[in-house]
Amino acid sequence: MRSDSLISALQATLRQDSDLLAALTPEQYRRSPSGHFKSSVGMHLRHSLDHFGAFFDGLLLRRIDYESRQSDTDIEQQPEVALRAIRAYIDQLEALRSEPGVELEVREENDSKSTELVWLPSSMARELQFLLGHTVHHNALIAMVVDGLGVPIPADFGVAPSTLRYETRGADF
């Protein structure tokens, strides 16, 4: 199963992140907002990019474990490091266009006290869909942080592709 539309949507979302980095100072990138939620733009972006790393690491083994992320704090603190990671993931996504869909396993994570690892069946397309939803979700949170900084942000930043299609075409699509 080909995943071209998901790959394109993920690349577009990562390009939005790249464009945002160009609009922020390093201090704005690292600044934690006041109030209940304390995560900076860098913290949210690092978290999202960690999931890309877990996906690509697991793709080789056909086993994806999103709970075993690297948590690269350089990405969290240094926008230029984040930008390099974004560009690398855009390229890695592009390389997937020539890959056939593969069956994968993904580690189940729940709040049970069991220490046994459980692996659930999945597919590359399903995990790309997860990455898209997860990244859009964190971009929506980033948009709130950036709004608090007084930095203009595009209206479609952090908005799901399906929502944008709905808003463009109306309820009949």
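The values are calculated or read from the model by the stated rules, or taken from the named source; none is laboratory data. Since we're looking at a predicted model, the values are computed, not measured. No Cβ is skipped: glycine too gets one built from the backbone with ideal geometry, and neighbour counts run over all protein chains shown. In case anyone asks, the SASA skips ligands and DNA or RNA and just uses the protein heavy atoms, side chains included. Shrake-Rupley method; radii C 1.70, N 1.55, O 1.52, S 1.80 Å.
In the range 76-101, the residues that are free of Cβ contacts under 8 Å to residues at least 12 places away in the same chain and under 24 Å from Q28 (Cα atoms) form Cβ pairs under 9 Å with partners that are in a helix (DSSP H, G or I) and open to solvent by 40 Å² or more (accessible area, probe 1.4 Å), at six or more places apart or across chains, as follows: E80/P26; V81/D74. Within the range 123-137, does at least one residue satisfy the condition of being farther than 18 Å from F56 by Cβ and among the acidic types (D, E)? So far as the range 123-137 goes, no, none of its residues is farther than 18 Å from F56 by Cβ and among the acidic types (D, E). Looking at L6, L45, L59, L49, which is the one that is in a helix (DSSP H, G or I), more than 13 Å from the chain's Cα centre (by Cα) and aliphatic (A, V, I, L, M)? L59 is the lone residue from the list that is in a helix (DSSP H, G or I), more than 13 Å from the chain's Cα centre (by Cα) and aliphatic (A, V, I, L, M). Here K38 fulfils each of the conditions (1) open to solvent by less than 60 Å² (accessible area, probe 1.4 Å); (2) closer than 28 Å to G150 by Cα apart from (1). Taking the numbered list (1) farther than 18 Å from L149 by Cβ; (2) open to solvent by 20 Å² or more (accessible area, probe 1.4 Å); (3) touching a Leu at 6+ places or on another chain (Cβ under 7 Å) in turn, Q28 passes all entries but (1). The residue that is farthest from Q77 (Cα to Cα), counting only those in the range 24-42 that are modelled with pLDDT of 95 or more and of a type outside the set (S, T, N, Q), is L24. The residue that is farthest from L104 (Cα to Cα), counting only those in the range 46-74 that are out of contact with any helix residue (DSSP H, G or I) (no Cβ under 9 Å at 6 or more places or on another chain) and surrounded by fewer than 19 Cβ atoms within 10 Å (Cβ to Cβ), is D57. When A160 is tested against (1) open to solvent by less than 70 Å² (accessible area, probe 1.4 Å); (2) within 27 Å of D17 (Cα to Cα); (3) at pLDDT 90 or above, just one condition goes unmet, and that condition is (3).
Just one of (1) in contact (Cβ under 8 Å) with a residue 12 or more places away in the chain; (2) under 21 Å from G58 (Cβ atoms) fails for E116. It is (1). The set of residues in the range 121-155 that are open to solvent by 60 Å² or more (accessible area, probe 1.4 Å), touching a residue at least 60 places away in the same chain (Cβ under 8 Å) and closer than 14 Å to D19 by Cβ comprises P152, P154. Counting residues in the range 72-81 that are over 24 Å from S122 (Cβ atoms) and of a type in the set (A, V, I, L, M, F, W, C) gives one or more. Only one entry of V106, V136 meets the criterion of being touching a Pro at 6+ places or on another chain (Cβ under 9 Å), at pLDDT 90 or above, assigned to a helix (DSSP H, G or I) and under 16 Å from H51 (Cα atoms), and that entry is V136.
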